[in-house]
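Structure first, then comments.
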C-alpha cells in the first residue's frame, strides 16, 4: 500500500474505514524507500552497524470538514554528519502530524487553519514521499552533536587548549610598554 501511489477513491475508502497502517523501515529500507534522505547520508553507519530506521504509523480518517485526513506518527533515528567535527552521529526523530488530503489547492480555504494539507496529484498520493517530506522537515539545517564534548576532534582540541591556558602566546603583550617609551625599539 505504501510503495505506490494511492488514488482518491482508495484514500476516501481508507478514511471511511478508519484504517491504520504501520511500517517498519530499517537502514537498508531507508536507502531504498527514501532516496532524498539517503542522499543526505542518513543511511550511513556510525559504528559499523547502522541503527537508522523508523517505525511509521499512519491513521486515516475523515476530518471535521469532510476531507480525508492522515495522522502520521513516526519515531526513529538517522545517521547524520556533524557539521562541527564532520563525524557521523545518531539523530533521533519523534514526530506526530496531521495532514488533510485535498484534491485541489482551492479546497485549502475550506479547512481549519491549524491543520496542514497535502494536495493529491492526478496520479494519486505517494504516501512514502509525504512521510519522507515530514522526516526531512524535522532534520536540522546544520546537524551537530548535542554537546561539544561529543565531537571527538573538537573535544580533543578543547582539551589541549585547556591544558595550554597558562602558556598562551601573546605577541602584543609588550606593546603598551613600547608605546609608553616613545614607541622606539632600542637596539644598542
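Since every read-out is calculated from the coordinates, none of them should be taken as a lab result. What you see is a predicted model, and the numbers here were worked out from it, not measured in a lab. Neighbour counts run over all protein chains shown; Cβ positions are idealised from the backbone, glycine included.
Key figures
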| quantity | calculated |
| --- | --- |
| Label zone at residue 64, where the point sits 7 Å out along the Cα-to-Cβ direction: the range 92-107 residues whose backbone N lies under 15 Å | 98-100 |
| Residues 8, 147, sorted so that the one with the fewest Cβ neighbours within 10 Å comes first | 147, 8 |
| Residues 9, 118 arranged by fewest to most Cβ contacts within 10 Å | 9, 118 |
| Point-to-point label distance, residue 90-residue 20, nm (Cα→Cβ direction, 7 Å offset) | 2.7 |
| Sequence of 120, 127 once ranked by neighbouring C-beta atoms within 10 Å, starting from the fewest | 120, 127 |
| Equivalent ellipsoid semi-axes, the range 8-146, via Cα gyration tensor eigenvalues times 5, rooted, Å | 32, 15, 12 |
